[in-house]
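Asks: Sharing a structure with you now.
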Amino acid sequence: MNANPRHLSIHDFTYQLPPERIAPEPLPNRDQSRLLVYRQGQVTDRHFYQLPAELPADALLVFNDTKVVRARLFAHKPTGGIIELFCLEPVAPHRAIEPAMQQTGSCVWKCLVGNGKRWKSGPVLLEFMANNQPATLTAVRQETADGYSLIQFSWEPAELPFAEVLRGAGHLPLPPYLNRPDTDVDAVRYQTVYAAQEGAVAAPTAGLHFSEAVLQELHAQGVDTAHVTLHVGAGTFQPVKADRMAEHPMHAEPISVTPALLQQLLSHQGPILAVGTTSLRTLESLYWLGVQLLQEPGAVDTSLHISQWQPYEPGSEIPPAEALQALLHYLERTGADVLHATTQLLIAPGYQFRIGQGLITNFHQPESTLLLLVAALVGPQWRQLYEHALSNNYRFLSYGDSSLLLP
């Protein structure tokens with residue numbers, strides 16, 4: 001049975017991060033970022049364009065192909081004041097990201113509202129250009145609870161899908177610690193070169209280092225690659241305020257994978273490496289979804305979801321191959337061509353990895369759930385790795401440098 005991280009204190013996972021070490025902008029070239037390689041206790045300093053030569057033989061790299069949407073909207077009150085709306089997740093008529101992005105005419109989203117105290121009632125408006133034509137977005141606040149608001153959006157021309165509305169009216173939601181407006185550079189560089197599935201409100205930043213040249217070199221060397229989709233939510237920046245992890249509610253995020261991906265995981269003989277914490281959380285969530293189907297075959301046919309503490313409950317050990325086969329059987333039984341689920345999985349020290357065996361990731365904020373995941377993978381050595389990065393002038397956080405972790 002796994003050790004239980006409920007009693008961990010987040011204050012044991014901190015370090016001093018000087019503000020000047022936080023990268024405010026991306027480097028001119030994606031693959032020129034530095035790469036800290038941690039392999040079985042040994043640390044070497046490389047650059048990201050050298051990644052293909054550092055990968056173990058027969059590795060499978062799993063990428064998250066989510067695409068960041070322009071989820072920040074700056075609307076105007078009739079009196080001229082500006083109200084910021086940060087779209088977090090769809091509520092009606094669709095809760096799933098894919099159909100919500102194609103919705104036309106009107107919809108309801110859960111949002112964070114900036115300057116909300118100045119918005120007493122009535123609609124706020126935003127004029128923008130879509131397909132070289134003038135368009136108007138109207139927002140009405142329906143209700144507010146727990147710091148979030150339900151916002152009814154409607155727009156003209158009504159035939160525009162909401163994805164087009166956001167492209168024309170919205171701004172990229174840069175990490176709050178960057179504390180600056182988004183730019184034309186961000187429009188390109190805060191997306192991975194392989195981004196495909198719209199729905200994230202934060203980038204899967206480990207993938208930002210991959211250039212077309214690095215991807216071509218991986219292909220030339222015969223490195224296998226695969227894609228999953230986890231739409232990164234704003235909760236990825238949510239600070240841990242509780243003294244103990246038992247009191248911290250992990251955010252839920254939607255994941256999607258194809259039967260081909262499941263088959264690829266089953267058939268691959270070498271190590272499976274995740275590009276980013278979101279890819280690793282997706283891979284491990286697949287294992288627990290399969291376990292859930294095997295243990296409660298009738299209870300999850302309508303909604304597949306992994307709670308944050310599910311992996312730490314006592315229960316029988318099921319081999320990863322059996323769990324993945326259970327997901328394939330589920331897709332066959334239901335006739336679905338994509339597996340959709342949500343995950344709140346919290347990976348922290350005490351977690352036993354089932355599918356992912358290594359990780360490519362940036363350097364994360366002190367006292368964050370992302371740092372907990374790194375500590376779960378490499379153990380107490382995480383502190384030495386971060387001390388090495390700090391003392392050797394690595395750049396930190398979303399636009400910072402990268403690491404390859406092969407414990």
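Asks: For the range 279-288, what are the residues that are hydrophobic (A, V, I, L, M, F, W, C) and crowded, with 24+ Cβ neighbours inside 10 Å?
Replies: Selection gives 280, 283, 286.
Residues are listed down the side, and each one gets a yes or a no for (1) surrounded by 13 or more Cβ atoms within 10 Å (Cβ to Cβ); (2) within 27 Å of residue 246 (Cα to Cα); (3) charged (D, E, K, R); (4) at pLDDT below 95:
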{"site": "296", "(1), (2), (3), (4)": "no, yes, yes, yes"}
{"site": "300", "(1), (2), (3), (4)": "yes, yes, no, yes"}
{"site": "303", "(1), (2), (3), (4)": "no, yes, no, yes"}
{"site": "307", "(1), (2), (3), (4)": "yes, yes, no, yes"}
{"site": "310", "(1), (2), (3), (4)": "yes, yes, no, yes"}
{"site": "317", "(1), (2), (3), (4)": "no, yes, yes, yes"}
{"site": "325", "(1), (2), (3), (4)": "yes, no, no, no"}
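Asks: Scan the range 9-68 residue by residue and report those that are within 26 Å of residue 376 (Cα to Cα) and among the aromatic types (Phe, Trp, Tyr).
Replies: 13, 15, 38, 48, 63 - these are the residues of the range 9-68 that are within 26 Å of residue 376 (Cα to Cα) and among the aromatic types (Phe, Trp, Tyr).
Asks: Starting from the range 249-270, take each residue that is on the phi > 0 side of the Ramachandran plot and list its partners that are aliphatic (A, V, I, L, M) and surrounded by fewer than 16 Cβ atoms within 10 Å (Cβ to Cβ), counting only C-beta distances under 9 angstrom and pairs at least six apart or across chains.
Replies: As it stands, the answer is none, since no pair meets every condition given.
Asks: Considering only residues that are surrounded by fewer than 18 Cβ atoms within 10 Å (Cβ to Cβ) and in contact with a helix residue (DSSP H, G or I) (Cβ under 7 Å, 6 or more places away or on another chain), look in the range 219-241 and name the one that is modelled with the lowest pLDDT.
Replies: 221
Asks: Specify which of the listed residues (71, 57) is touching a strand residue (DSSP E or B) at 6+ places or on another chain (Cβ under 8 Å) and either without any contact (Cβ under 8 Å) to a residue 40 or more places away in the chain or not polar (S, T, N, Q) (or both).
Replies: One residue alone meets the criteria, 71.
Asks: Let me ask something else about it. Out of 166, 172, report the one residue that is buried (at least 19 other Cβ atoms within 10 Å of the Cβ) and out of contact with any helix residue (DSSP H, G or I) (no Cβ under 6 Å at 6 or more places or on another chain).
Replies: 166
Asks: While we're here: If a residue must be assigned to a loop (DSSP other than H, G, I, E, B) and aromatic (Phe, Trp, Tyr), how many such residues does the range 23-41 contain?
Replies: Matching residues across the range 23-41 total 0.
Asks: Identify, please: which residue in the range 1-14 is surrounded by fewer than 18 Cβ atoms within 10 Å (Cβ to Cβ) and within 23 Å of the chain's Cα centre (by Cα) and is, among those, farthest from residue 391 (Cα to Cα)?
Replies: 6
The values are calculated or read from the model by the stated rules, or taken from the named source; none is laboratory data. Quick caveat, the model's predicted, so the values are computed rather than measured. In this analysis, Cβ positions are derived from the backbone assuming ideal geometry, glycine residues included, and neighbour counts consider all displayed protein chains.
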